[in-house]
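The values are calculated or read from the model by the stated rules, or taken from the named source; none is laboratory data. Computed from a predicted model, the values in this text were never measured in an experiment. Here Cβ is always computed from backbone atoms with ideal geometry, including for glycine, and neighbour counts include all displayed protein chains. Remember, those area values only see protein heavy atoms, side chains included, never the ligands or the DNA or RNA. Shrake-Rupley method; radii C 1.70, N 1.55, O 1.52, S 1.80 Å.
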Amino acid sequence: MITFIVNGKTHEFSGDPTTPVLWYLRDELQLTGSKFGCGMGQCGACTVHINGVAQRSCVLPVSAVSGSKITTIEGLSEDGEHPVQQAWIEHKVPQCGYCQCGQMMQAASLLATNPTPTDDEIVQEMSGNICRCGTYPRIHKAIKSASKTLAAVQYYDPKVKGEQA
Amino acid sequence: MSQYFDLTRRGFLKSTAATGALIFGTYLAGGAPRVIAGVLAKPSESAKTANLFVALRPDGIVEITCHRSEMGQQIRTAIAQIVADEMEAAWDKVVVIQGKGDAKYGDQNTDGSRSIRYNMQRLREMGASVRHLMRQAAATRWNVPVDSCSAEQHVVTHSSGKTLTYAELVNDALSITPPELAQITLKKRSEWRYINTAMEHIDLKDIVMGKATFAADVFEPKALIAVVVRPPVVGGKVKSFDAKATKAIDGVIDVIEIPAPQGAPQFQPKGGIAIIAKNTWAAIKGRRALSVTWDDGKNGDYNSEVFKASLLATVASPQSSVREIGDAANILANSSDKLVADYYAPHLAQAPMEPPCATAIYYKDRVDVWAATQNPQADMATVGAMVGMPKEQINVHVTMLGGGFGRKSKPDFSAEAAYLAMKTGKAIRVQWTREDDIQNSFYHAVSAQHIEASLDKNGAIEAYLHRTAFTPIASTFVEGATAPLSLELRLGFTDNPINTPNMKLESGEAPAKTRIGWMRSVSNVFHAFAVQSFIAEAAHKAGRDQKDYLLETIGPNRILDVTEENAEYDNYGADKANYPLDIGKLRHVIEKVADMSAWGRKLPKGRGLGIAAHRSFLTYVATVVEVEVSDKGDLKIIKSWVSIDAGTVVNTDTVKNQVQGGSIYGITAALSEGITFDKGKVQQSNFHDYRVPRMSDSPLEVEVEIIPSDAPPAGVGEPATPVYAPALCNAIFAACGKRIRQLPIGDQLKA
Ligand code: FES
Ligand code: FES
């Protein structure tokens, strides 16, 4: 039996421990904001936070997250008010939208540790996330503007979120 | 605002029949659109056969059906903008319903950048007819002339100042005969409040919250998951397989063979072995455990290096004439100082971020499908053929698409789901992995081109010969077809804009040994690459500025009609009167982008600007790319500027986003190693070896200017792509003097 906390709620899993977190979230919990793009850690569509840090859930077996706090896009904010989500709306970033939850989770994780990243730091951090629609210029701009919102730093503290459970 | 499926429509129809909602449609018959309205209280034939719907509910909510697929181009928003504008609907009362596959809508094939071009007029007429009906209903209630009533934002106002809302008028409108087309007046452009603005798209918030429903997010019905192992070689078959280890995996339920296709590939599944499991991970593990022996068939000899040599050999000698004026062949045969260049570009895979995915349930008299499809009517036909049912019995629900780029116009994945649903009697979701997608696409053609030209004493092109050879899309539909269709050649080849007295265009044949399909901009991609690279090469030979030379080469403002030069050319199916090939517009976007990018400015060492311009999908685009190439040959794209003339545009921000994205999509052609084959098998499998642009490969700014235009709407989704690779390669030449004729760029800059 593996126990972990997803978006503030405790879950137990007794299935195949090699199951990647992505498929557990999608198939079992029907949390479909995390997407399948490559299944080998190459695209970032499946990005979630494990104890506050962005990770690729498609290559992360559930056995490795025992006792961890997992946050998905569904848990990033109640109603899309996280500064990263707000910046995504302000800059009208998404086209098809398929990659965007992963992009936002990556961006939120970046800003949580580095609230004022340089242009190059943004490129470095975000280049693991593919967007086939080519929204990179807007993603870059949205991260800059989220970074300017001071609240970006204070609003989201995954540790606090996890402990609410 | 968003409601993805029309699952609720049946319920809606039932519940509102009693309360009397109005349903409208435009009806296309005999070419001329005519507006009709159906009243649900007494359902009429006309309502049932209407092409498109707008329904006004008694609570005042307007339901607008989007019959085109949403894949990031915000067509759901654009359709609503057009209807709601003409209807004078308040935006917060608009709901968009995604239409199922249904011939009654007319064309639903969401590719070719034509959703707005095909539909804008009838959508406007439909919206305007509802507005008229509301005014009429109010006039009747008040017993005043209809001309004394105006409609604005869901409210009809009489000249005396009294008002009635649309909701209050629904019941009155039920007994009024809807207007004929002649009675309605479309709004003037100056009166538009939604069309030609940058309004936010209706699905934006859902996407940002992770709530948009893509194909794999459909849980109603609850489906088993299937992952399919397909023959690695097109035309190959299963010889034998051993499923023992697979079946031993916990969660695996069944292993089923999908039959090999017959004849030309068309959209048929490739065949193979499906692993059906309780969840996705079990299916993937089951697939890894399966061992299959294949019979590779006649394409088992496909090798990209060998094929490249044969394509280059084809374009080295004369081929069938496509367009000819003057005596290019003769002049060039006698020229001692001509410029000669061969260009090559590999296969590419569309690789939409969402791999193909579809769910199906089989009933004895129908099949229900939920799919990320660009063309639900093709799903109906392909699924119908697969399960032996008439296409009318296939219900195709269109989910949001995580990108399409042409891949999802080919519904082999829906047919797989339907076949497995039929065999198991269960709801089945077929989930393609990234490896499946990269290795089982309908690939962008591999191409070779040979161009030669002689310049006159002023440096102008006096004779131009261009040969193209590529694996034709025709081969996907007609077994053994080796010659391209004229509609593949008209994509940037037949419509070459070079103004020269002597031109000869020739096209060769190429036997396809894999499935060929269309990818964003199709053969415009490699044709524009060759033509626009070559013009820059000629500029260099003539010692001229790229941009000035490009303008001189395409010549003065004029309408070019290539059919006058013995060419077959259908102008993207659009009439020449409304959509002429206007060289003046091509010149204009070039001049505009030169301005935007401050063309001609002094650049530091290692930097360069490149320009390219091209008309595709009836739209004119010019792009400038600025690059930096280091001494070691490292390439960095600094910035891009794009000027686009797409005629009338509906959502200015969407257009900019599409142009930015279309530009970055164009980087794929330049940077990606492409798809290569050995022994008939694709050698790439996932994003580690099939390179697509990442943020680090992309410009952080793509500045876009839309040329204001009252012309009819043209394409937007595709036209920014073909110009990108040539503008980039021209910039590389300007930066470091290396000319790229063979794609990908690879390590050519390092040498
Ligand atoms: S799906 Fe996990 S990185 Fe691509
Ligand atoms: S928005 Fe479509 S893949 Fe990023």
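Go through region B:268-334 and tell me which strands (runs of 3 or more DSSP E), entirely inside it, have 1 or more residues that are without any contact (Cβ under 8 Å) to a residue 60 or more places away in the chain.
Ranges flagged: B:272-277, B:291-295.
Quick one: what pairs do we get from region B:335-348, first residue of a type in the set (A, V, I, L, M), second open to solvent by 60 Å² or more (accessible area, probe 1.4 Å) and part of a loop (DSSP other than H, G, I, E, B), C-beta under 7 Å, 6+ apart or different chains?
That search, which allows pairs on different chains as well, returns B:Ala341/B:Arg741.
Look at A:Ile130 and say whether it is more than 20 Å from B:Ala212 (Cα to Cα), within 16 Å of ligand 2 (Cβ to nearest atom) and modelled with pLDDT of 95 or more.
Against the criterion (more than 20 Å from B:Ala212 (Cα to Cα), within 16 Å of ligand 2 (Cβ to nearest atom) and modelled with pLDDT of 95 or more), A:Ile130 does not qualify.
From the list A:Thr10, A:Thr19, which residue is among the β-branched types (Val, Ile, Thr), within 15 Å of ligand 1 (Cβ to nearest atom) and in contact with a Phe, Trp or Tyr (Cβ under 9 Å, 6 or more places away or on another chain)?
Checking each option against the conditions leaves just A:Thr19.
Any residue in region A:17-29 that is more than 14 Å from A:Gly39 (Cα to Cα) sitting within a Cβ distance under 9 Å of a residue that is of a type in the set (Phe, Trp, Tyr) and open to solvent by 10 Å² or more (accessible area, probe 1.4 Å)? List the pairs, counting only those 6 or more apart or interchain.
Listed by first residue and then by second, the contacts come to A:Asp27/B:Trp281; A:Glu28/A:Phe13.
Take region B:421-430 and flag every residue that is buried (at least 24 other Cβ atoms within 10 Å of the Cβ) and either part of a helix (DSSP H, G or I) or within 14 Å of chain A (Cβ to nearest Cβ) (or both).
B:Ala421, B:Arg429, B:Val430
Among the candidates A:Glu74, A:Glu81, single out the residue that is away from ligand 1 (no atom under 14 Å from the Cβ), open to solvent by 10 Å² or more (accessible area, probe 1.4 Å) and more than 8 Å from chain B (Cβ to nearest Cβ).
When all the criteria are applied, what remains is A:Glu81.
So, in region B:335-360, exactly how many residues are outside any strand (DSSP E or B) and more than 14 Å from chain A (Cβ to nearest Cβ)?
5
Just to be sure I understand, how many residues within region B:65-112 are of a type in the set (A, V, I, L, M), over 22 Å from B:Cys357 (Cβ atoms) and within 14 Å of another protein chain (Cβ to nearest Cβ)?
1
If you scan region A:25-43, which residues turn out to be more than 18 Å from B:Pro356 (Cα to Cα) and open to solvent by less than 10 Å² (accessible area, probe 1.4 Å)?
A:Leu25
Tell me, which strands (runs of 3 or more DSSP E) wholly within region B:142-256 include 3 or more residues that are among the hydroxyl-bearing types (Ser, Thr, Tyr) and either assigned by TED's automatic domain parsing to the domain that holds B:Asp59 or under 22 Å from B:Thr65 (Cβ atoms) (or both)?
Passing ranges: none, list empty.
Name the residues in region B:484-504 that are of a type outside the set (S, T, N, Q) and over 19 Å from B:Pro556 (Cα atoms), would you?
Passing the criteria: B:Pro484, B:Leu485, B:Leu487, B:Glu488, B:Leu489, B:Arg490, B:Leu491, B:Gly492, B:Phe493, B:Lys504.
Which ones in region A:1-30 are touching a strand residue (DSSP E or B) at 6+ places or on another chain (Cβ under 7 Å), part of a loop (DSSP other than H, G, I, E, B) and at the interface with chain B (Cβ under 10 Å from one of its Cβ atoms)?
A:Thr18, A:Thr19
Out of the residues in region B:266-282 meeting the condition of being open to solvent by 30 Å² or more (accessible area, probe 1.4 Å) and touching a strand residue (DSSP E or B) at 6+ places or on another chain (Cβ under 9 Å), tell me which one is farthest from the other protein chains (Cβ to nearest Cβ).
B:Lys278
Return yes or no: is B:Lys605 farther than 25 Å from B:Leu505 by Cα, of a type outside the set (Ser, Thr, Tyr) and either touching a residue at least 60 places away in the same chain (Cβ under 8 Å) or assigned to a loop (DSSP other than H, G, I, E, B) (or both)?
Considered against the rule, which asks whether it is farther than 25 Å from B:Leu505 by Cα, of a type outside the set (Ser, Thr, Tyr) and either touching a residue at least 60 places away in the same chain (Cβ under 8 Å) or assigned to a loop (DSSP other than H, G, I, E, B) (or both), B:Lys605 comes out as yes.
Within region B:699-715, take every residue that is open to solvent by 10 Å² or more (accessible area, probe 1.4 Å), over 22 Å from B:Ile116 (Cβ atoms) and of a type outside the set (A, V, I, L, M) and give me the one that is farthest from the other protein chains (Cβ to nearest Cβ).
Here the residue is B:Glu703.
Of the residues in region A:40-72, how many are over 18 Å from A:Leu29 (Cα atoms) and assigned to a strand (DSSP E or B)?
Residues that pass the stated criteria total 3.
Among A:Gly75, A:Gly102, which is the only one that is closer than 23 Å to A:Tyr24 by Cβ, part of a helix (DSSP H, G or I) and touching a Cys at 6+ places or on another chain (Cβ under 8 Å)?
A:Gly102
Of the residues in region A:97-118, how many are at the interface with chain B (Cβ under 7 Å from one of its Cβ atoms) and touching a Lys or Arg at 6+ places or on another chain (Cβ under 8 Å)?
Count: 3.
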